[in-house]
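The values are calculated or read from the model by the stated rules, or taken from the named source; none is laboratory data. Not measured: the values here are computed from a predicted model. Note that each Cβ is placed from the backbone with ideal geometry, even for glycine, and that neighbours are counted across all protein chains shown. The area values use the complete protein model at the heavy-atom level, side chains included, leaving out ligands, DNA and RNA. Shrake-Rupley method; radii C 1.70, N 1.55, O 1.52, S 1.80 Å.
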Amino acid sequence: QSMDSTLHYIHNDSDLSTNSSFSPEEERKSKVQDVVPQALLDQYLSMTDPSRAQTVDTEIAKHCAYSLPGVALTLGRQNWHCLKDTYETLASDMQWKVRRTLAFSIHELAVILGDQLTAGDLVPVFNGFLKDLDEVRIGVLKHLHDFLKLLHVDKRREYLYQLQEFLVTDNSRNWRFRAELAEQLILLLDLYSARDIYDYLRPIAFSLCADKVSSVRWISYKLVSEMVKKLYMASTPTFVVDLMNELVEKFCRCHKWSGRQTFVFICQVKCLHLYSGG
């Protein structure tokens, strides 16, 4: 019954206030709510106390971060103010494992909070994770599409300028990072216009096609194939024509055999896609 009530609060916008701004008086209020026993919530919120980590469990902050989406779901969107300070404290925790845990679940929290609270309270944290260690960045990268699709179109376009940064990692041998980027870019094609795809995603895709690791290149061939399909279906044929011409010049007529092989592989992926009914 408690869970049904919580879900009703979350999905019924008429019962909720989605305004992410609170007056100073409201901020100073104790974290009081009527969904769960207050003592239980207070106990949970106290997990971010550094003294508890020293005397109880050094992993307690990580456990707190892991459970936060579930707590937010239970309390409902209208009680987010009870968790906001704790979330921001965990997001700036010195332990990268704590920040990594939040990075892997930020897209789930965005679904719970809705677009307005996400834009006001989660986007700044998300931006911080983008500049963090690779162990943290991989969390937002693996669910990049899931998070960006929840943002307003204008806010979503701001991240086009930052996608290039995912090509740079702390360890150049971390090829799985680049492979995940290629996978996410395939999903992101549905979120952006033909011009955005051509201007921002195309250069990244071409860079990944020349990666030193074959696993990354194979995923990138599929990415370019899907990009051709997306631009072909756009109302403006200029982009797909320019893309095809660039593929011919860059790979088909490349003086290196590896470049010409890349062109064949891209065509192969596209042909297999069409043959399978795609």
* To do: Over region 59-130, average the accessible area per residue using a 1.4 Å probe and give it in Å², no decimals.
  => 37
* **Inter-label distance, nm, simple model (7 Å from Cα along the C-beta direction), V153/N171** => 4.2
* Taking Cα pairs under 8 Å and at least six residues apart, what relative contact order does region 70-210 come out at, in percent? -> 20
* Positive-end residue of L151, T101, T58, charge dipole of region 29-159 with Cβ unit charges -> L151
* Can you tell me which of 82-95, 105-118 comes out highest on packing, and rank the rest after it, using the mean Cβ neighbours within 10 Å? => 105-118, 82-95
* Asked: For region 172-277, what is the accessible area per residue in Å², given a 1.4 Å probe and the full set of protein chains?
  -> 55
* Just the number, please: carbon plus sulfur as a percent of the accessible area of region 172-277, 1.4 Å probe, no ligands or DNA/RNA counted. => 56
* Structure fact -> Length gained, V248-A234, 0.36 nm per residue minus C-alpha separation, equals 3.0 nm
* Asked: Just how large is the dipole of region 172-277 about the Cα centre, in debye to the nearest 20, putting +1 at every Lys and Arg Cβ and -1 at every Asp and Glu Cβ?
  -> 440
* **Length released on extending from Q78 to S92, taking residue separation times 0.36 nm less the Cα-Cα span** => 2.7 nm
* Asked: Could the peptides 255-262, 197-204 be put in order, highest first, of the mean number of other beta-carbon atoms found within 10 Å of their residues?
  -> 197-204, 255-262
* Asked: Could you give the distance between the Cα centres of region 191-257 and region 73-127, to the whole Å?
  -> 35
* Cross-link pairs beyond the 21 Å C-alpha cut-off, checked among K31/K149; K62/K155; K212/K256; K149/K212; K131/K230; K149/K230 -> K31/K149; K62/K155; K149/K212; K131/K230
